[in-house]
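Just below is one structure, and these are the notes that go with it.
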Amino acid sequence: MDVISDESMDEFLVNYGDVFANGLHPNNTKSLDLFGINYYSLTDLEIIINKIEDNRPKDYETILEWLHMVQRNYKGFYILGV
């Protein structure tokens with residue numbers, strides 16, 4: 001799964017919904033908002049990486065590689081909703 005589209009949204013949620021469930025929103029609430037802004041800090045990133053390594057959801061190698069790059073080079077990342 002290279003791109004998450006409306007056709008693959010359900011599959012993404014089944015495989016990664018729990019992994020990305022604690023995104024921070026502008027109003028300081030936490031969840032995975034598929035239609036909004038989700039921010040993940042380095043602390044969140046460590047938890048996400050551990051969940052992915054433990055559970056190995058579908059196509060996890062690609063996203064895990066990207067998350068490790070983020071961990072080395074940035075202070076966090078965003079998932080922007082559709």
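Every number in this text was worked out from the coordinates using simple rules, so none of it is lab data. The model shown is predicted, which means the values in this text are computed figures rather than measured ones. Note that each Cβ is placed from the backbone with ideal geometry, even for glycine, and that neighbours are counted across all protein chains shown.
If you add up the charges near Tyr16, with Lys and Arg at +1 and Asp and Glu at -1, over every other residue whose beta carbon is less than 10 angstrom from its beta carbon, what do you get?
On the way: positive: Lys51, Lys58; negative: Glu11, Asp18, Asp59.
Surrounding charge for Tyr16 is -1.
Taking the beta-carbon count within 10 Å as an exposure proxy, list Val19, Val82, Val70 from fewest neighbours to most.
Fewest-to-most ranking of Val19, Val82, Val70: Val82, Val70, Val19.
Rank these for me by crowding, Tyr78, Tyr40, going from fewest to most other beta carbons within 10 Å.
Tyr78, Tyr40
Take the Cα atoms of the chain, find their three principal axes, and give me the spread along each one in whole Å, biggest first.
28, 27, 19
Which whole-number percentage describes the relative contact order of the chain, with Cα contacts under 8 Å and a sequence gap of 6 or more?
With pairs under 8 Å counted, the relative contact order is 32 percent.
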